[in-house]
């Protein structure tokens with residue numbers, strides 16, 4: 001029997017999580033999205049959050065208007081889809097909010113036949129995509145306009161992702177919304193002295209990055225640039241600190257050893273609240289090859305008043321103004337990266353001015369409050385275009 005978690009007399013707004021509640025990563029942002037939508041629409045809908053499996057549900061979610069359910073909406077197995085349809089019918093789901101699900105799916109036909117009237121897909125997928133040739137693009141444009149198999153609205157996490165929806169997926173502009181990612185504007189709580197925490201010599205300036213230790217983040221490119229500074233430029237006044245764990249951590253440690261720079265490198269692994277270390281660092285680095293326009297860690301380093309060195313990739317550099325809040329560099333060129341680092345290390349005044357400019361940009365443009373306002377406004381606009389009777 002399908003699980004009933006809300007009164008079937010009321011219309012429901014169902015939000016779907018792709019991972020168990022205690023996975024971590026950047027799901028604090030997703031949780032903020034779900035809670036804000038539930039609070040904004042509580043007079044119109046009963047809000048349900050469906051996790052694919054059980055785990056420790058965050059306190060903020062438990063204390064919100066969300067009702068928790070455990071249904072795997074990520075599966076495409078016929079039996080799983082039948083269970084999803086049964087849940088939709090049993091709980092009178094009229095609006096479905098998905099994260100990183102396909103823009104077009106035959107599942108949506110089943111959902112809409114089961115009673116769903118609006119499907120919203122919020123896309124956080126990183127990286128650029130190739131624009132399809134005209135014939136394939138025309139086919140995509142036609143399919144994107146088929147109402148029963150396509151999402152009714154696509155939300156992009158930056159202007160970059162919204163443009164990607166239009167150029168690559170050929171979605172009509174009237175069904176696209178930009179909900180720019182942001183972080184809290186409040187000052188960094190409990191800043192920690194990086195030198196003491198990781199036993200870094202105080203005669204070195206700390207160059208920091210924060211990300212999963214994954215090949216996509218191109219931390220190896222940072223190591224080659226550090227090696228260039230130490231062995232070619234003969235500098236001993238810097239130290240590279242990476243915050244975060246991941247599948248490439250061991251290989252990165254080995255690379256540092258191979259490059260003979262281990263003395264000047266610290267891999268801290270996973271840390272709680274990495275932003276607490278940024279105020280006592282000197283330069284922020286993010287050379288990733290795939291983001292959604294920019295990364296949350298870049299914003300956090302900007303909030304910590306760090307000048308940024310960022311890959312000149314349009315999926316990565318959207319929050320960095322070249323020459324004003326930092327430098328954009330070709331990540332594949334360790335000499336260019338090392339020169340940018342050296343330029344900032346050599347000028348305390350430049351570090352301070354760029355760091356302040358980045359801080360002001362983050363505070364004015366990339367805050368979580370503005371993100372949530374844009375999100376709830378877009379959700380309401382999408383679902384109110386066809387009123388749903390309770």
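The values are calculated or read from the model by the stated rules, or taken from the named source; none is laboratory data. From a predicted model like this one, the values you see are computed outputs, not experimental measurements. Don't worry about glycine lacking a Cβ; one is built from the backbone with ideal geometry, like all the others, and counts go over all protein chains shown.
Quick look at the values:
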item: Cβ-Cβ under 8 Å pairs, at least 6 apart or on other chains, the stretch 162-189 side on the phi < 0 side of the Ramachandran plot and not assigned by TED's automatic domain parsing to the domain that holds residue 140, far side surrounded by fewer than 17 Cβ atoms within 10 Å (Cβ to Cβ) and assigned to a loop (DSSP other than H, G, I, E, B); result: 189/273
item: Pair list, Cβ < 8 Å and 6+ apart or interchain, from the stretch 278-293 residues that are under 10 Å from residue 128 (Cβ atoms) to residues that are part of a strand (DSSP E or B) and at pLDDT 95 or above; result: 289/311
item: Residue match in the stretch 216-238 (condition: under 21 Å from residue 189 (Cα atoms) and at pLDDT 95 or above); result: no
item: Which listed residue, of 147, 132, 126, is exposed (fewer than 15 other Cβ atoms within 10 Å of the Cβ) and assigned to a loop (DSSP other than H, G, I, E, B); result: 147
item: Residue in the stretch 278-285 that is surrounded by fewer than 20 Cβ atoms within 10 Å (Cβ to Cβ) and assigned to a helix (DSSP H, G or I) present; result: yes
item: Filter result for residue 310 (assigned to a helix (DSSP H, G or I) and either buried (at least 19 other Cβ atoms within 10 Å of the Cβ) or modelled with pLDDT under 95 (or both)); result: no
item: Test: residue 350 is in a helix (DSSP H, G or I), modelled with pLDDT of 95 or more, in contact with a helix residue (DSSP H, G or I) (Cβ under 7 Å, 6 or more places away or on another chain) and surrounded by fewer than 18 Cβ atoms within 10 Å (Cβ to Cβ); result: yes
item: Test: residue in the stretch 124-136 that is farther than 28 Å from residue 275 by Cα and modelled with pLDDT of 90 or more; result: no
item: Among the residues listed as 172, 184, the single one being in contact with a helix residue (DSSP H, G or I) (Cβ under 9 Å, 6 or more places away or on another chain) and exposed (fewer than 15 other Cβ atoms within 10 Å of the Cβ); result: 172
item: Residue 119, sole failed condition from (1) more than 30 Å from residue 291 (Cβ to Cβ); (2) outside any helix (DSSP H, G or I); result: (1)
item: Residue list for the stretch 69-107, filter: assigned to a loop (DSSP other than H, G, I, E, B) and in contact (Cβ under 8 Å) with a residue 60 or more places away in the chain; result: 71, 91, 92, 100, 101, 103
item: Residue 268 within 16 Å of residue 199 (Cα to Cα) and at pLDDT 95 or above; result: yes
item: Residue match in the stretch 115-122 (condition: outside the structural domain of residue 98 (by TED's automatic domain parsing) and at positive phi); result: no
item: Exclusive hit being outside the structural domain of residue 35 (by TED's automatic domain parsing) and at pLDDT 95 or above, set 329, 379; result: 329
item: Options 320, 298; residue that is at pLDDT 95 or above, closer than 29 Å to residue 366 by Cα and not in a loop (DSSP other than H, G, I, E, B); result: 298
